[in-house]
1. Give the residue, chosen from Ser100, Ser59, Ser47, Ser39, that is part of a helix (DSSP H, G or I), small (Gly, Ala, Ser) and more than 27 Å from Ala180 (Cβ to Cβ).
2. For residues in region 104-118 being open to solvent by less than 50 Å² (accessible area, probe 1.4 Å) and out of contact with any Pro (no Cβ under 8 Å at 6 or more places or on another chain), which is farthest from Tyr77 (Cα to Cα)?
3. Any residue in region 136-155 that is free of Cβ contacts under 8 Å to residues at least 12 places away in the same chain sitting within a Cβ distance under 7 Å of a residue that is among the hydroxyl-bearing types (Ser, Thr, Tyr)? List the pairs, counting only those 6 or more apart or interchain.
4. Would a scan of region 127-146 turn up a residue that is closer than 18 Å to Phe8 by Cβ and open to solvent by less than 60 Å² (accessible area, probe 1.4 Å)?
5. Let me spell it out: the conditions are (1) without any contact (Cβ under 8 Å) to a residue 60 or more places away in the chain; (2) surrounded by fewer than 18 Cβ atoms within 10 Å (Cβ to Cβ), and Ala79 meets all of them except one. Which number is the exception?
6. Please list, ordered by first then second residue, the pairs with beta carbon atoms under 9 Å, 6 or more apart or interchain, first in region 50-69 and closer than 16 Å to Val155 by Cβ and open to solvent by 40 Å² or more (accessible area, probe 1.4 Å), second hydroxyl-bearing (Ser, Thr, Tyr) and near the ligand (Cβ under 8 Å from one of its atoms).
Amino acid sequence: MKLYYSPFACSLADHIALEEAGASFEREAVDLETKRTASGRDFRTVSAKGYVPALVLDSGETLTENVAVLDWIASQYPAVAVAGPLGRTRVLEVLSYISSEIHRSFKPMWHPGRDDEKAGARATLAAQFELIAHGLKTDYLFGDRPSVADCYLYVMLLWAARFHVPVPASLNALRNRMDARPAVRVAMTDEGLL
Ligand SMILES: N[C@@H](CCC(=O)N[C@@H](CS)C(=O)NCC(=O)O)C(=O)O
């Protein structure tokens, strides 16, 4: 399989999840401005959506959307899934919240815009991170090892640091734990971030 990613984009979550899972996969960077892959291919021939992540499976089928890609990775690799009758549903609950609320709230930060819009987004994000942190009592969201949900949350925490969004101490601690993981370091190094 092959992951199409862009450095420091949300696709870093999928990149880390695949590394954490011990999966064997190829990866290729995409220039999101020109929509060209590192090998010069028009990325829209891989995914008409033109955004990352895109994961091309060994069957030739292409998966897009972080929630779907991360859920698929968890379905294939129990190491990054959550067990139990509600395990998958709880993970989807968090992935959906991150995707539809937190990820979306970052949008004004990535584009030139008014300072008051950015301040508003920062306040919204701070409240959203508080909500995620509420009741967090374990090292990671679902226990003592990271699942795909932590991988996505981690990228949002990196973005929070980049854009000076305040986050609760418990989430900073989770981020530090993720920072130290070999799989995270491999993915970050691959993306030129370390
Ligand atoms: N709905 C998509 C959004 C993915 C997304 O926003 N990707 C960004 C990078 S974080 C991107 O590729 N943006 C380039 C573009 O939209 O042209 C998902 O959840 O996977």
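1. It is Ser100.
2. Looking only at region 104-118, we keep the residues that are open to solvent by less than 50 Å² (accessible area, probe 1.4 Å), and these are 105-106, 108-109, 113, 118.
Now drop any that are not out of contact with any Pro (no Cβ under 8 Å at 6 or more places or on another chain), which leaves 105-106, 108-109, 113.
Values: Ser105: 30, Phe106: 29, Pro108: 34, Met109: 33, Gly113: 41 Å.
The selected residue is Gly113.
3. Asp144/Thr138
4. First, pick out the residues of region 127-146 that are closer than 18 Å to Phe8 by Cβ: none.
Checked region 127-146: no residue is closer than 18 Å to Phe8 by Cβ and open to solvent by less than 60 Å² (accessible area, probe 1.4 Å).
5. Condition (1) is where Ala79 drops out.
6. Close Cβ pairs (under 9 Å, with a partner that is hydroxyl-bearing (Ser, Thr, Tyr) and near the ligand (Cβ under 8 Å from one of its atoms)) amount to Tyr51/Ser6; Tyr51/Ser11; Tyr51/Thr64; Glu65/Ser99.
Results for (1) within 22 Å of Arg185 (Cα to Cα); (2) not assigned by TED's automatic domain parsing to the domain that holds Trp110, shown as yes or no for each residue.
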| residue | (1), (2) |
| --- | --- |
| Pro7 | yes, yes |
| Leu32 | no, yes |
| Val46 | no, yes |
| Pro53 | yes, yes |
| Asp58 | no, yes |
| Arg90 | no, no |
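The values are calculated or read from the model by the stated rules, or taken from the named source; none is laboratory data. If you're wondering where the values come from, they're calculated on a predicted model, not measured in any experiment. FYI the Cβ positions are ideal-geometry reconstructions off the backbone, even for glycines, and counts take in every protein chain you see. When the accessible area is computed, the model is the full protein with side chains, heavy atoms only, and any ligands, DNA or RNA have been set aside. Shrake-Rupley method; radii C 1.70, N 1.55, O 1.52, S 1.80 Å.
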